[in-house]
Every structure is written in structure tokens, then in C-alpha cells.
1. Being assigned to a helix (DSSP H, G or I) and exposed (fewer than 10 other Cβ atoms within 10 Å of the Cβ) is the filter; apply it to segment 36-67 and report the residue that is modelled with the highest pLDDT.
2. Test of understanding: among P77, P95, which residue is exposed (fewer than 13 other Cβ atoms within 10 Å of the Cβ) and modelled with pLDDT under 95?
3. L109: part of a strand (DSSP E or B), open to solvent by less than 30 Å² (accessible area, probe 1.4 Å) and more than 18 Å from G172 (Cα to Cα), yes or no?
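The values are calculated or read from the model by the stated rules, or taken from the named source; none is laboratory data. Small disclaimer: the values here were computed from a predicted structure and weren't measured. Using ideal geometry, Cβ is built from the backbone for each residue, glycine included, and neighbour counts are taken over all protein chains shown. SASA here: full protein model, heavy atoms, side chains in, ligands and nucleic acids out. Shrake-Rupley method; radii C 1.70, N 1.55, O 1.52, S 1.80 Å.
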Amino acid sequence: KDTFNAIRPLDRAKLPDVLEAADHFDWTDWINEDVSRLTSEIAGGLTEGKSKARIGQVHFRQALLTRFGEVCAISGPQPAEVLEAAHLYSYAEDPVHDLAGGLLLRRDLHTLFDRFLLAIDPADWTVRVSNKISAFPEYQALDGTPLAIPATVHPNPSYLDAHYSAFLRKHGDSASASDPEH
């Protein structure tokens with residue numbers, strides 16, 4: 001009974017007139033005006049805020065570059081500019097830089113690692129990828145690949161145990177498509 005902002009049944013008798021009127025309407029101006037209006041509504045500028053910086057992070061990264069060279073532990077040689085020092089443990093819970101608990105990872109892989117969308121299985125030192133990102137062939141191809149660093153510089157497996165366990169808890173039924181046990 002209330003017609004304000006309500007969906008009403010289609011009046012088939014009026015439909016031909018509505019479509020005829022729409023056929024003569026110049027939609028281009030309407031679309032361009034709408035896009036212009038939307039982009040003008042996106043705020044710009046800068047704001048100031050507080051942030052925390054990890055003391056010693058630059059030195060930690062440099063020490064990892066010395067240890068591994070310009071090599072992502074997962075994808076192999078990469079430009080140093082895209083390599084990040086990844087902690088294999090929660091730095092927020094234990095704010096100490098342990099070289100045995102760090103790897104160099106390409107930025108995108110570091111993000112996926114931190115979000116438990118990929119992990120390193122400490123049992124065989126291979127990469128495991130969640131099926132949640134299996135639609136991306138570049139990432140799916142990494143599943144089951146060994147680390148791209150020599151065994152002599154592998155990190156402390158206890159750090160990887162904790163990360164891998166968390167990965168399996170999150171993605172146990174959708175992890176590692178290439179490994180039927182997972």
C-alpha cells in the first residue's frame with residue numbers, strides 16, 4: 001500500500017512508452033556526469049598520525065641480505081628493492097630480531113605469508129598455498145616447491161612449526177591442493 005521507495009508491479013501497458021522514451025535519451029551525458037560526480041566525492045589530501053616503527057628493522061633486513069643475498073626464500077633471486085625482512089614469528093609478541101627466525105620474502109609473498117595464505121612446511125621445507133588463492137596460477141605454481149635457499153641457511157624450524165600450524169588451522173581443508181594429506 002505504501003508506494004514511497006517501494007518496488008511496484010510492472011505496468012505492461014506503460015512499458016512500450018517508457019522504452020521509447022529511453023531510446024531517445026542521451027545516456028552518455030548521464031553516465032559521464034555520474035562518473036564525474038563519483039570521482040569528485042573521493043576525498044584527497046594528507047593526514048598526520050602516529051605509527052610504530054620497529055627498532056632495528058633496517059639492520060635486520062641488511063643482516064638477512066648478507067645471509068641470503070638478493071634471494072626471496074620462496075621465489076628465488078629478486079631485486080633487493082622488492083625483498084622484505086619477514087619475521088617467522090609474531091614480532092608484536094616477541095619484539096626481538098632473531099636471524100634464525102627471519103627470511104627475505106618478495107613483498108606480495110610476505111603479505112600472503114603474514115595472512116596465512118601461504119606457509120612453509122617445516123617437515124620438508126616446501127611452500128604450501130591455500131586454495132583460497134589457487135585461482136592465481138603464479139601462486140598456485142609455488143605449491144610444493146622447495147625453498148629457494150640452501151639448507152645450510154634454513155631458519156629455525158620451530159618458528160615455522162607455529163606458523164604452519166596456524167596456516168593449517170585456518171586452511172586445513174583448503175590448503176595445499178597438491179598434497180592430498182592436507
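1. T66
2. P95
3. So L109 does not fit the description; no.
Yes/no matrix, rows are residues, columns are (1) buried (at least 17 other Cβ atoms within 10 Å of the Cβ); (2) free of Cβ contacts under 8 Å to residues at least 24 places away in the same chain; (3) out of contact with any Cys (no Cβ under 7 Å at 6 or more places or on another chain); (4) in a loop (DSSP other than H, G, I, E, B):
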{"position": "A100", "(1), (2), (3), (4)": "no, no, yes, no"}
{"position": "F113", "(1), (2), (3), (4)": "yes, no, yes, no"}
{"position": "A123", "(1), (2), (3), (4)": "no, yes, yes, yes"}
{"position": "R128", "(1), (2), (3), (4)": "yes, no, yes, no"}
{"position": "P155", "(1), (2), (3), (4)": "yes, no, yes, yes"}
